[in-house]
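The values are calculated or read from the model by the stated rules, or taken from the named source; none is laboratory data. Because the structure is a prediction, the values reported are computed rather than measured. All Cβ positions, even for glycine, are placed from backbone atoms using ideal geometry, and neighbour counts span all protein chains on display.
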Amino acid sequence: MLTYTLRRLLYMLITLWIIVTVTFFLMKLLPGDPFGDAITRLPPESMAILKAQYGLDNPVWEQYLKYIGHVAQGDLGVSYQYPTRSVVSVIKTAMPASIELGIESMIIAIIVGLILGIVAALKHNKAGDYTASMIALIGISIPSFVIGPLLSYFVGVKLRLLPPGLWLGPEYRVLPAVALSLSTIAILTRMMRASMLDVMNQDYIKTAKSKGLSTANIVDKHMIRNAILPVVTILGPIAVNVLTGTLVVERIFSVPGLGNQFVTSVYSNDYTMITGLTLFYAGVLVVMMFFTDIAYSFIDPRIRLGKGK
Amino acid sequence: MKLRKIFSTALVISLIGACLAACGGKTGSGSKDELVINYRADPPALDVSKAESSAAFTVLGAISEGLYRLDKNMKPQPALAAAMPDVSKDGLTYTIKLRDGVQWADGTPVTANDFVYSYQRTLDPKMAATYAFVIAWIKGGDAVTAAKTPADVETAKKNLGVKAINDKTLEITLDHPIPFFTSMLAFLNFYPQKKDFVEPLGDKSGADFDKVIGAGPYKLTKWDHDQTLVLEKNDKYWDKANVKLKKITLNIVKDTTTGLNLYETGASDVAEIQGDQMTAYKGKPDLVVRSELTTGYINFQFKKVPAFANKKVREAFSMAVDRQALVDTAIKNGSVAATAYVPNGNSDGNGQEFRKVVGDLIPKYDPAKAKQLLQDGLKEAGLSAMPKLSIISDDKDTDKNIIEFLVSQWQQNLGVTVEANPMPHKNRLEKELSKQYDIVNTRWGADYNDPMTWLDMYVAGGSFNTQDWTGPENDKYTKLVKDAQIEQDLKKRSDLMVEAEKLLMSESAVMPLYFRSTPFVVNPKLKDMVMPPYGPDFEFKWAHFQ
Amino acid sequence: MEVISKEQFQPAQKTTSAEAIVRPSLNYWADAWRRLRKNKLAMAGLSILIILSLFAIFAPLFSSQHYATQHLKQVNMKPSGEYFFGTDKFGRDMWVRVWWGTRISLFIGLVAAALDLVVGVLYGGISAYFGGKVDAFMQRFIEIIYSIPYLLMAILLIMVLGSGVTSIILAYAITGWVTMARLVRGQMLVLKEQEFVLAARSLGAKPWRIILKHLIPNVLGVVVVQITFVVPTAIFVESFLSFIGLGIKPPLASLGNLLSDGATNMRYQPHTLLFPTMVFSLILLSFNLLGDGLRDALDPKMRK
C-alpha cells in the first residue's frame, strides 16, 4: 500500500512538472508581448524597463528555470491585466465562489442524478426509464451557454422568482448551481443506471428476494449501496466537468469565480493569468485523482495491492 | 434509511432556498441617494501614475480630482484650483493657485507639492507609465523618461518644469505651447498624489480599497475584486454640497445579456447594452447613447501589397463599403458611419467642432464606380488582378461582425476575395505595429480633445504610419502637421490641421469606417450623470435621482 | 427364455433435427445488428443521424443561397417560405447556414474521431502487444496526459495556432486519443488471455488468423462504441470554444458559433437560437442513444 501511494505520488509530481513545462512553452509561443496597449504609447526605453521587470529579456531557458523555481514555491507571477495583483492572490480571491458553486451544483447533481438513475434502473425499459434517461440526455445535449441565459431570462426576468445574476445572498446561488449541475446529472444518471442494472442481476439480490425481504429493503440495503461504489471512480471526470462548466456558468451569472476570471483572461490575453489558472486547475485535478485512486484502493480490496488489472 | 434522510434534508434545503429567493428583497435602488450600476470590468491598479484604462479613469475620477474638472460640456472648471490658470504670453508658463481648504479624504491638506510629486513619479522610467508622454509635455519631461541611472533620474526630476512656489501655488512650464493644456490638467494622470501615502505602498499602490486616497467627491469603501466596488460620499470634499449621492455600487457584470436582465428586474440603474437590445429600447427614455472620440478604421499595407500603393485601388476599396449598412447591421450600437478620420465631437483646438469645420470627406458608397476605379487603379499599377488578401482584426464579437461585413462587401461589390482573420487583440496589435498585414481592422481613441491626437499618427516615420504611406503627399502632410505643432495662432493652427486631414482623406491613406458609440440603459430618474466622450465612462460628481 | 426378436434390434431412428442449427448462423456484426435493430431508441438515433447528415450534405447543394451571401435589406427575418429558418443579422439564409454548420460540426467530430481512432488504436495496440516495460512506460505517459485538463490545453493551443477548423480538431485530438488508447489496450490484454484465443491457438490457428478473426473484431466493438461518444464530445468542445470566442473563422458557420450568436440574441431573434439548438441537440442526443444501443448490442455478455 505504501509503495503504491508513493508511486502514485511520484507520477503526480511528474505530471505536474510536465504541465508546467508545456504551459510555459506554449505561453512563450504566443505572439504579441504581454503588455497590451502600453506598447502603442510607451517609448522603447520604458518598454525595455518593463520587459526587464518581468524578466522577459533573459534567454528562454533561464526564464524557464526561474519559472519552475517560482512555481515550486507557489508563486505564479503577476497578472498582466491587474499589475498590482499576483496570480496567486487573484486565485485566492476568486476561489471561494467557485468552490461554493461547485459544491452546491454537485449536491444537486448527486441527489437528482442518483434518483433518476435508480428510477431508470428499477423501471428498466419502461416509461420511467425512458423519461429519466431523456431528462439526463437533455443535460448533455444543450450547451450550458444556451441553458444559462434561458434560465436567467425566464426565471429571473419573466417569473421574477430568483435574481438573474450576481453573487450576493443565498438566493443568488440557485440558478447558477442548477445550470452547472445539468451535465453532471446526465453523467451520474447514466452511471447509476448501468451500475444498478449490474447489481440487480447479482446472485445476492436473488438470495435476498428468496429470503422474503421487502422490495424497499432490497433496493435500499442491497442494491443502492452496492451500486453507488463504482460511481466513486468517475469523481475525477465529474470534477473536470464541473470545472469546465464554471467557465461558462460563472460568466453568464456574473459569479466572481475562477471560471469567470479564466474567460476574462482569455479575452484580455492575460497570459500569466491563463497559464497560472491552467496550472492551478491541473494541480487540483491531479491531486483529486490521486486521492480518488488512493481512496478507491481502500474501498475496493481488489486494487489494494496495485497489481494493475 | 440514510439515503432517505439525505433526500429529505435536500428537499428542505431547496424549499428554504426557494422561499429565501421569493422573499428576498431587491438590491436595486430603493432609496433616492444610492446608485447601483453594472460595470464591465474590474479596474486595474487605481494609481494616478499607472492609470490607463477607462475603468481606472472612471473610479479614480470619482475618488480624486485634478486642478480642473470637465463639466458636461467638456469645458474645464476650477476644482482643486481656485481659478483658471495665469498663462504667460508665450503660452509656456502656467501659474495656478490652489483653492483654500482643499484636503485629502484623510483630512490632510492638498498642497502644490502633491502635484510636483505626482508628475515626477509618473515620469520615472521605473513606473513605465503608459501616459507618461502627456506629462512629458512639461519642460524636461522627456529627459526624465529617458534617464538611464537612478542618479540621472533624480537630476532630471529636479530640472522638471514644475515648481511649488509655495503650498498654495503651482507653476508649470511647458516644453512647447499647448493650446488645450488647461483641459489636460483635468486629465487623470495630472491629478495630485499624496507622497507619504503612496510611497510606503510601493507597487501595491491602488491595489485595494484602503490603498488609494483622493481628494474627490467620493471615497472607495469596499472593493471585492471582480465583484463589487462601493463608493461613498466624501465628507472632506470641498464641494460636498453639490454631491447628492450617498453611495454608488458598481457591480462587475461582463455579460450584457445578464446585465440587461439585472436592469429590468430593478437590480441596477445603469447597464451597458448592445445590438438588438438597443433596437428593443429605441424610443424609450431609458436608452442613452454615449458617443465617443473613437474612430474605427481600416489600414492597407502599401509595401506588402503593392496594389495598395495605388490611390485608386484604395479609393475603390473605400467606396465599395456601405458604411451606413455597416453601422446598422454589423455594429448596431449607436455608432455612426464615419464621414472622415477625426470623429464627431472632437474640438478643432480653436473652440469649434473639427468635423463641422472640415465637413464630409468620405467618398460616397458607389459599387459601380468602385469597380471602375479598381480596374483603372490596377491598370495604373500594371497588375491584372488583386492578389489573395487577408484582413486581420481583434476577435471580439463586434470586430468579427465588421470584418464579416467588409469581406462580403468587397466580394459582392469588387469581386475581390479577402480572407477574414480574427485573432486575440495583442496578436493583432503586434502584427499591425510590425506591418505584417495586408489589411487591418483597427481603431484609435483620442488621448486628449484635439485633432493632433489623430493627425500626428501618419507623419513620415511615425510608429502608427504602419501602412507605409510615403511620397510627396506624405511629405506635404508631415509638413502641415509639424507646422501646426508649433503654430501659436489657434486659427492658423486649426487651418493647418484642416488641410492635413483633407490631404489624408483625398489620398485615402486610411479608410475610416465608423465613429464609435456605446449604448446604455439608464434609470430615467437618474439625472446629471455625465458620460464623457473620452477618458472615464461615467462622471458621477453631479449625479442624483429626481 | 424369452425370444429376442430381431425387430428389437432396429437401428434407432435418426433424429437429425436435434443437432440442427435452428437459428441462422450469424457472424459477430450481423448478430450485433440484429440486436441493435430491436433497440428502438438506438434505431431512432441512427435514423435521425442519417437524416441530418443527408440534410447537411444536400440542403446547401439544392439551395439558391450561399452561407456567406448577405442580404442587407432582409436582416433578421422570421422563418418563411423563402427562408425556412429565417435570416440572421446580415440577412444570410439561416437554413443554409444551419446545414453548413451541421456539416462543419460533423466534419470536426468525425475527423477528431478518426484521429482518435488511428492514434488510440495504434498506441493502445502497441502497448498491449509488446507488454512489459514498453507497456509500463507507455501507460505512465497516458496517465500523465489523462490528468491534464484538456479543455484548458485546447484553449492554450488555439491561442498559439490561431482559430480555425484545423486548430480545433488538433486541439481536441492532442488530448482526446488517451481514452481510446486505454480502452483498446485494456480490451486487448483481456482478449489475449481468453479461452477462445487459447482454443483457437490449440486448434492450430495461425497468429494472423487469431488477430484478424478474434482480436480485431472484438476490439472493434469497444472502438465503435467509443467513437459514438467522441464525435459528440468534439462537437461540444467546438461549441464551447465558439462561446469563448476561439471558434472557427467567419464567415463560415458551425453549430457552435450559430449557437453562441443565437444565445446572445435569443430574446429578440429567437429563431436564430431555436434551429441551431434543435439540430445540435438532436445530433448529440442521437449519438448518445446510438452509442448506448451499440454498447448493449456489442457487449458479448448480452448475447443469449
Exercise. For the stretch A:169-183, what are the residues that are modelled with pLDDT under 90 and part of a helix (DSSP H, G or I)?
Worked result: A:SER183
For this session: Kindly indicate whether C:PHE84 is assigned to a loop (DSSP other than H, G, I, E, B) and either surrounded by 21 or more Cβ atoms within 10 Å (Cβ to Cβ) or touching a residue at least 40 places away in the same chain (Cβ under 8 Å) (or both).
Result: no
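Confirm whether C:PHE107 is away from every other protein chain (no Cβ under 14 Å) and in contact (Cβ under 8 Å) with a residue 12 or more places away in the chain.
Values: away from every other protein chain (no Cβ under 14 Å): yes; in contact (Cβ under 8 Å) with a residue 12 or more places away in the chain: yes.
In short, yes.
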Problem set entry | Test: residue in the stretch B:209-225 that is closer than 30 Å to B:PRO78 by Cα, modelled with pLDDT of 95 or more, in contact with a Gly (Cβ under 6 Å, 6 or more places away or on another chain) and surrounded by 22 or more Cβ atoms within 10 Å (Cβ to Cβ) | yes
For this session: Any chance you could count how many residues in the stretch C:164-188 are part of a loop (DSSP other than H, G, I, E, B) and in contact with a helix residue (DSSP H, G or I) (Cβ under 6 Å, 6 or more places away or on another chain)?
Result: 0
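Here are some residues: C:PRO232, C:PRO276, C:PRO217. Which one is farther than 23 Å from A:LEU137 by Cβ, away from chain B (no Cβ under 14 Å) and either in contact with a Phe, Trp or Tyr (Cβ under 7 Å, 6 or more places away or on another chain) or crowded, with 24+ Cβ neighbours inside 10 Å (or both)? Show your work before the answer.
Values: C:PRO232 fails: farther than 23 Å from A:LEU137 by Cβ; C:PRO276 fails: farther than 23 Å from A:LEU137 by Cβ.
When all the criteria are applied, what remains is C:PRO217.
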Exercise. Can you name the residue in the stretch B:116-172 that is of a type in the set (Phe, Trp, Tyr) and within 14 Å of chain A (Cβ to nearest Cβ) and, of all such residues, is farthest from A:LEU50 (Cα to Cα)?
Worked result: B:TRP137
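Matching residues to (1) within 15 Å of the chain's Cα centre (by Cα); (2) buried (at least 22 other Cβ atoms within 10 Å of the Cβ); (3) within 13 Å of chain B (Cβ to nearest Cβ):
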| site | (1), (2), (3) |
| --- | --- |
| A:PRO83 | no, no, yes |
| A:SER86 | no, no, yes |
| A:THR93 | no, no, yes |
| A:MET106 | yes, no, yes |
| A:ILE110 | yes, no, yes |
| A:GLY117 | no, yes, yes |
| A:LEU122 | no, no, no |
Seminar exercise, completed: Going through the stretch A:125-141 in order, the residues found to be without any contact (Cβ under 8 Å) to a residue 40 or more places away in the chain and within 7 Å of chain C (Cβ to nearest Cβ) are A:SER141
Seminar exercise, completed: Within the stretch C:189-211, the residues that are part of a helix (DSSP H, G or I) and acidic (Asp, Glu) are C:GLU195
Exercise. Restricting attention to the stretch B:320-366, which residues are over 30 Å from B:GLN488 (Cβ atoms), over 20 Å from the mean Cα position of the chain (by Cα), part of a loop (DSSP other than H, G, I, E, B) and not charged (D, E, K, R)?
Worked result: B:ALA320, B:VAL321, B:ILE362, B:PRO363, B:TYR365
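If you scan the stretch A:110-144, which residues turn out to be part of a helix (DSSP H, G or I) and within 27 Å of C:THR264 (Cα to Cα)? Before you say what the answer is, go through the steps one by one.
So the first thing to find is which residues in the stretch A:110-144 are part of a helix (DSSP H, G or I), and the list is A:110-122, A:127-141, A:144.
A:MET134, A:ILE135, A:ALA136, A:LEU137, A:ILE138, A:GLY139, A:ILE140, A:SER141, A:SER144, listed by residue number.
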Seminar exercise, completed: Note on C:SER64: of the conditions (1) in a helix (DSSP H, G or I); (2) surrounded by fewer than 16 Cβ atoms within 10 Å (Cβ to Cβ), unmet is (1)
Exercise. Only one of A:LEU235, A:LEU229 is closer than 20 Å to A:MET12 by Cβ, touching a helix residue (DSSP H, G or I) at 6+ places or on another chain (Cβ under 8 Å) and assigned to a helix (DSSP H, G or I); which?
Worked result: A:LEU235
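Can you find, within the stretch A:37-81, the residue that is surrounded by the most Cβ atoms within 10 Å (Cβ to Cβ) among those that are among the polar types (S, T, N, Q) and in a helix (DSSP H, G or I)? First the steps, then the outcome.
The first filter runs over the stretch A:37-81 and keeps only residues among the polar types (S, T, N, Q), leaving A:40, A:46, A:53, A:58, A:63, A:73, A:79, A:81.
Among the residues that remain, those that are also in a helix (DSSP H, G or I) are: A:40, A:46, A:53, A:63.
Working: A:THR40: 14, A:SER46: 23, A:GLN53: 14, A:GLN63: 17.
Per the stated criteria, the residue is A:SER46.
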Exercise. How many of the residues making up the stretch A:240-271 are part of a helix (DSSP H, G or I) and more than 9 Å from chain B (Cβ to nearest Cβ)?
Worked result: 15
Exercise. For C:VAL96, all conditions in the list (1) surrounded by 19 or more Cβ atoms within 10 Å (Cβ to Cβ); (2) within 16 Å of B:ALA325 (Cβ to Cβ) hold save one; what is the number of the exception?
Worked result: (2)
Exercise. Do you know which residues across the stretch B:370-410 are without any contact (Cβ under 8 Å) to a residue 40 or more places away in the chain and among the basic types (Lys, Arg)?
Worked result: B:LYS379, B:LYS388, B:LYS396, B:LYS400
Exercise. Somewhere in the stretch A:187-196, is a residue facing another protein chain (nearest Cβ under 10 Å), more than 30 Å from A:PHE290 (Cβ to Cβ) and either at pLDDT 85 or above or part of a helix (DSSP H, G or I) (or both)?
Worked result: no
